[in-house]
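Enquirer: Before I ask anything, here is the structure I am working with.
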């Protein structure tokens, strides 16, 4: 399952996501000839500088892709995936799509036998996300964004594309109004008012294993979300904040970086309440 | 892909991982009759207390499973998975297996079309890990631990087991002596001297997309690892520390927990150097 | 300016605050004879173990003193002192006294030419604090707690006591009802509803240099405090949280402690608004 | 004890440290007439904008003063003062002086009856520090920097200056070569190789209450320092790292700042070993 892009890394560590078919690339360190080169080799520019030609990881794609909004950082996505215990084969509903960073990670977490349905209410964001999801091999070139009329054809896939995961479905929609899916394993919300989605999430989630995660920057939002979750019977509710420090290791010595991201958001995870036992 | 265990959660939030076939369970809140009950219902004990009967997630399994050693926390596993960009279909070599917590997460990250080969040099640890991996549906009941003579038969799988991922291979072995696999996508090391594995990792990794992550508690270990990675040409080397704070949200107000895990370990990630271009 | 106690430290680092006149001390490491010994020597117990006889610092006194409530940690006290820029000669009003930990540090910060007036509404707490303040040389043996009838005499100081700072005045009182002092340089509040003190603080503070600091455990309290400060024209308002990690340095290597205090409280600092210019 | 400067704060919170005698001040918000105005009033610019005329605190002075090197942050200075329990009347030796930020705080901590001797080996740094210490009222206008020939006269103080603390002595010198003082209560080191000062510190410190603190950015430096302290019999050795998060409280909600200082330095505190008991 290869990416739809290849990546060049120059001697300074600068990364360039480029088209698979691109044959020449240049920056201030010179021009490199990529004709006939496959990922996994070092190429030299006409100025004699080395470039590493490699496959991008999903981390690289998320870092370099076009963004419409601030996206969740890998540290927070990792916490959501591992604390929810998202796994191969599960069905995940996500909202909003944003630029698709979280979608890319979630799609890889549920894998070939799983599925991610991602809602976005702003069509222009969904279109940018489609491009990013295409690069990551998660939606087909002609795949329809459900609810967006513009592109009706979902078929006629060419053989070239067969290498992707293709387990993402994009929808235009506002999940505070309702979630169409049933029997969902996991719901992940990156939107400003997750408490408005909680009643819909309760209905949509599978009662045996349904879980939810929300991500919000302000503490008041986290509080309102937790209150809504409690009110609707969710259990195993926890709110976390994740801080990552980069450690600089050089000849001069070891020390944490002077610069640090002081805060991104609060993550709340919870499980849906099972059914009341049938009284008979 | 269901777990080999079911889970009961009592009114205080206490969790019990129990056998799928268990029909009666009791604690100080009373005895519950589980006969004919499926996950996703609330059952009442003879004392009138509610128990939630649900499916455990891999987070639950990792939290409740038998441990031989300290295992990586989900926060650190999440950081490794997202920063390496581990994804569906990849081949991962892991060492040491320990209790299998990291293995469980890695196996779900690479999914149905991927594979995890996990090395452990202490047979008694590998045996405990096998039980944990069985519960998570990752190794078959009769699956051989390669290098351990005791169990020779790897066949004769019964239909009952067909629901798992079964993408993990356990091996007895010391990766500081060498790694048998070739063309590996990812290597993850949770052992005290990762620098001794670096030269072997270099050979084993796929040159187009090979990545490595190491986890060590002491800063000197992280430093020696980074120095070995640099010496062997690895690039995109970063060392991180991840801190998670739980936020307590109650009627009294919102505040981070007074107790906090102050440190677990340092995570280093890096990419292997591609091949030198053929001069002709 | 010596402390009213001396301190023994045994070979394990265990500290004992003892009376200046105590001549024999014993624990499981044996009995030591302190007769005629002055601080600054090593004494041997009858079992041959070494004890260090030293002067306690105010850090030691605060750590070992009797407590009625949770006291601020040195990390938070340090932040308050340095961010407010409390200095020699200033007049500080503090509430509530609690066990007196913060009082001890504040009294030393303002020094010989300064003064700390500390309010406590619960007489039994004020009495415990008096003992702690006596040990630290900040109140005289017979000093009255203003508003508490029991002890009327404030005079007749004996020569023995003349070594202390004696710059603390204890009062029984509720500062949410009002602050009696005028022209105060600094107000420091460690109580649950600092917003109720803000209007009184505004009146009590010197307009050229008056500053305030509040300490609260919950974020809602910090928010209400900041809102009250803004409403009353305070400026240069900042809220901080201070986290301290202990670093363990041993032969095995260097790492932050596994255990850490995850949260104590939020500190807010601000300056009072100057007078409107006289229009004439 | 007033500062040698006054401070203006404009409507945006911008601070200006200005000369006591300055009668007119202007920025883009207009010109203000300060003639006859004393600190503690609001003055209006000719454009109608308000400026607060106040006394600067030592925090303000440290923030706005001229710097030759990176100075310790108040958070770290506070930790040193409170963990060492520095108090009124003590004698502190400090090295290097740097820009004098730590000196200013230490001088205020030991107060009128205490003393700070500050060593700096680079004369040009000591001269800049003198200006800063003058502003804070800690050295007299004509006070000699010991070891620096340029200014020989230490007398002839005019009455104008009598308001300061004047408890700081500046010296040109390298404490890794030796410390001239005896019977010192506290030594604070902000220099790259504190381990080279440890043997000299041992001799200079009072055996009953001598304490030391060191501040270094790299973990290797902290380790070498702790090893030297252990080797020379120091006890009660602790190494800390202090992290401060600013909390943003606005109408939009509450959240920690996105930007944060990820690391400044490691602080090590310790006590000197008392004398061996005289055998007679």
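Enquirer: With the structure loaded, tell me whether residue D:81 is under 29 Å from residue C:241 (Cα atoms) and either facing chain C (nearest Cβ under 8 Å) or surrounded by fewer than 24 Cβ atoms within 10 Å (Cβ to Cβ) (or both) or whether it fails that test.
Expert: On the way: under 29 Å from residue C:241 (Cα atoms): yes; either facing chain C (nearest Cβ under 8 Å) or surrounded by fewer than 24 Cβ atoms within 10 Å (Cβ to Cβ) (or both): yes.
In short, yes.
Enquirer: Let me ask another. Against the definition (under 22 Å from the mean Cα position of the chain (by Cα) and at pLDDT 95 or above), how does residue D:254 come out, yes or no?
Expert: The answer is no for residue D:254.
Enquirer: Give just the number: which of (1) at pLDDT below 95; (2) within 14 Å of another protein chain (Cβ to nearest Cβ) does residue B:147 not satisfy?
Expert: (2)
Enquirer: Identify the single condition in (1) touching a residue at least 40 places away in the same chain (Cβ under 8 Å); (2) more than 10 Å from chain D (Cβ to nearest Cβ) that residue C:35 does not satisfy, given that it satisfies every other one.
Expert: Just one mismatch for residue C:35, condition (1).
Enquirer: Of all residues in segment B:213-230, which are free of Cβ contacts under 8 Å to residues at least 40 places away in the same chain and either surrounded by 23 or more Cβ atoms within 10 Å (Cβ to Cβ) or closer than 12 Å to residue B:196 by Cα (or both)?
Expert: Of everything in segment B:213-230, those that are free of Cβ contacts under 8 Å to residues at least 40 places away in the same chain and either surrounded by 23 or more Cβ atoms within 10 Å (Cβ to Cβ) or closer than 12 Å to residue B:196 by Cα (or both) turn out to be B:223, B:224, B:227, B:228.
Enquirer: Take residue A:228 and decide whether it is away from chain D (no Cβ under 14 Å) and within 19 Å of residue B:42 (Cα to Cα).
Expert: On the way: away from chain D (no Cβ under 14 Å): yes; within 19 Å of residue B:42 (Cα to Cα): no.
Here the answer is no, as residue A:228 does not meet what is asked.
Enquirer: For residue A:210, only one of the following conditions fails: (1) surrounded by 22 or more Cβ atoms within 10 Å (Cβ to Cβ); (2) within 29 Å of residue B:236 (Cα to Cα). What is its number?
Expert: Here residue A:210 meets the rest and fails (2).
Enquirer: Continuing with the same structure: Of the numbered conditions (1) within 12 Å of another protein chain (Cβ to nearest Cβ); (2) crowded, with 24+ Cβ neighbours inside 10 Å, residue D:170 satisfies every one except a single condition; which is it?
Expert: All conditions are met except number (1).
Enquirer: Still on this model: Give, as residue ranges, the helices (runs of 4 or more DSSP H) completely inside segment D:10-128 that count at least 3 residues that are assigned by TED's automatic domain parsing to the domain that holds residue D:238 and in contact with a helix residue (DSSP H, G or I) (Cβ under 9 Å, 6 or more places away or on another chain).
Expert: Because the criterion is at least 3 residues that are assigned by TED's automatic domain parsing to the domain that holds residue D:238 and in contact with a helix residue (DSSP H, G or I) (Cβ under 9 Å, 6 or more places away or on another chain), the helices (runs of 4 or more DSSP H) in segment D:10-128 that meet it are D:74-84, D:101-110.
Enquirer: Restrict the check to segment C:90-97 and report whether at least one residue is over 23 Å from residue D:73 (Cα atoms), within 10 Å of another protein chain (Cβ to nearest Cβ), surrounded by 16 or more Cβ atoms within 10 Å (Cβ to Cβ) and modelled with pLDDT of 95 or more. Lay out the reasoning, then the answer.
Expert: As a first pass, look at segment C:90-97 and keep what is over 23 Å from residue D:73 (Cα atoms): C:91-97.
Right, trim to within 10 Å of another protein chain (Cβ to nearest Cβ) and you get none.
No: segment C:90-97 contains no residue that is over 23 Å from residue D:73 (Cα atoms), within 10 Å of another protein chain (Cβ to nearest Cβ), surrounded by 16 or more Cβ atoms within 10 Å (Cβ to Cβ) and modelled with pLDDT of 95 or more.
Enquirer: Of all residues in segment D:231-264, how many are touching a helix residue (DSSP H, G or I) at 6+ places or on another chain (Cβ under 7 Å) and either surrounded by 20 or more Cβ atoms within 10 Å (Cβ to Cβ) or facing another protein chain (nearest Cβ under 7 Å) (or both)?
Expert: Step one: of segment D:231-264, the residues touching a helix residue (DSSP H, G or I) at 6+ places or on another chain (Cβ under 7 Å) are D:232, D:237, D:239-240, D:242, D:244, D:247, D:249, D:253-255, D:264.
Now narrow it down to the ones that are either surrounded by 20 or more Cβ atoms within 10 Å (Cβ to Cβ) or facing another protein chain (nearest Cβ under 7 Å) (or both): D:239-240, D:242, D:244, D:247, D:249, D:253-255, D:264.
So the answer is 10.
Enquirer: All but one of (1) farther than 15 Å from residue D:255 by Cα; (2) touching a residue at least 12 places away in the same chain (Cβ under 8 Å) hold for residue A:253, so report the exception by its number.
Expert: The number of the failed condition is (2).
Enquirer: Take residue B:188 and tell me if it is within 23 Å of the chain's Cα centre (by Cα), modelled with pLDDT of 95 or more, under 25 Å from residue C:253 (Cα atoms) and in the same structural domain as residue B:83 (by TED's automatic domain parsing).
Expert: Details: within 23 Å of the chain's Cα centre (by Cα): yes; modelled with pLDDT of 95 or more: yes; under 25 Å from residue C:253 (Cα atoms): yes; in the same structural domain as residue B:83 (by TED's automatic domain parsing): yes.
For residue B:188, the condition - within 23 Å of the chain's Cα centre (by Cα), modelled with pLDDT of 95 or more, under 25 Å from residue C:253 (Cα atoms) and in the same structural domain as residue B:83 (by TED's automatic domain parsing) - is met.
Enquirer: Among the residues of segment A:9-28, are any out of contact with any strand residue (DSSP E or B) (no Cβ under 7 Å at 6 or more places or on another chain) and within 13 Å of chain B (Cβ to nearest Cβ)?
Expert: So far as segment A:9-28 goes, yes, one or more of its residues are out of contact with any strand residue (DSSP E or B) (no Cβ under 7 Å at 6 or more places or on another chain) and within 13 Å of chain B (Cβ to nearest Cβ).
Enquirer: Name the residues in segment D:153-167 that are at pLDDT below 55 and either surrounded by 13 or more Cβ atoms within 10 Å (Cβ to Cβ) or not assigned by TED's automatic domain parsing to the domain that holds residue D:106 (or both), would you?
Expert: Taking segment D:153-167 as the starting set, the residues that turn out to be at pLDDT below 55 are D:153-161.
Across segment D:153-167, the qualifying residues are D:157, D:161.
The values are calculated or read from the model by the stated rules, or taken from the named source; none is laboratory data. Treat the numbers as computed from the prediction; the structure is a model and nothing was measured. No Cβ is skipped: glycine too gets one built from the backbone with ideal geometry, and neighbour counts run over all protein chains shown.
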